[in-house]
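Written out below as structure tokens is the structure these notes cover.
The values are calculated or read from the model by the stated rules, or taken from the named source; none is laboratory data. Note that the structure is a prediction, hence the values are computed from the model and not measured. All Cβ positions, glycine included, derive from the backbone under ideal geometry; neighbour counts span all protein chains shown. The accessibility values were calculated without ligands, DNA or RNA, using every heavy atom of the protein model including side chains. Shrake-Rupley method; radii C 1.70, N 1.55, O 1.52, S 1.80 Å.
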Amino acid sequence: MPDVTSHSLFPGQTGNRASYRGDVAHAVMTRREPFGPDLYGAKYAPVEAKYDAEADLTRVQFRPIPKAERGQGEPLPGELPPLTRQQRRQFEREIRKAHARKTKPRKEN
């Protein structure tokens, strides 16, 4: 199967790579949903997929999807609104309770 390439906003970009077993270049490049989210909420679009028959691997280059192109989904963690005073106090109480349970001496029988 020939190499499948997509027009990229970031030609020649390195990083953001993944390898998949088998010849999945066509499936990766025609997938409608973006890949992700990663730990930070970012999503990725495939730029290029090359199949290596000797290794039986498809190597895929991804590009991050800019915020302007993202749909109206969940916000990234940095975009979340700050906690209210009440939420912050509740959170602090829960942390203190958890800490007290961990440091409480155990009774011996």
Pairs please, first residue from segment 17-36 and open to solvent by 60 Å² or more (accessible area, probe 1.4 Å), second anywhere and not β-branched (Val, Ile, Thr), Cβ atoms under 6 Å, 6+ apart in sequence or on different chains. 17/61; 19/57; 19/59; 23/1; 23/51
Residues that are farther than 21 Å from residue 67 by Cβ and out of contact with any Pro (no Cβ under 8 Å at 6 or more places or on another chain), drawn from segment 25-45: 25, 26, 27, 30
So is residue 52 surrounded by fewer than 16 Cβ atoms within 10 Å (Cβ to Cβ) and in contact with a Gly (Cβ under 8 Å, 6 or more places away or on another chain) or not? no
Condition check: modelled with pLDDT of 85 or more, in a strand (DSSP E or B) and aliphatic (A, V, I, L, M). Does residue 55 satisfy that? no
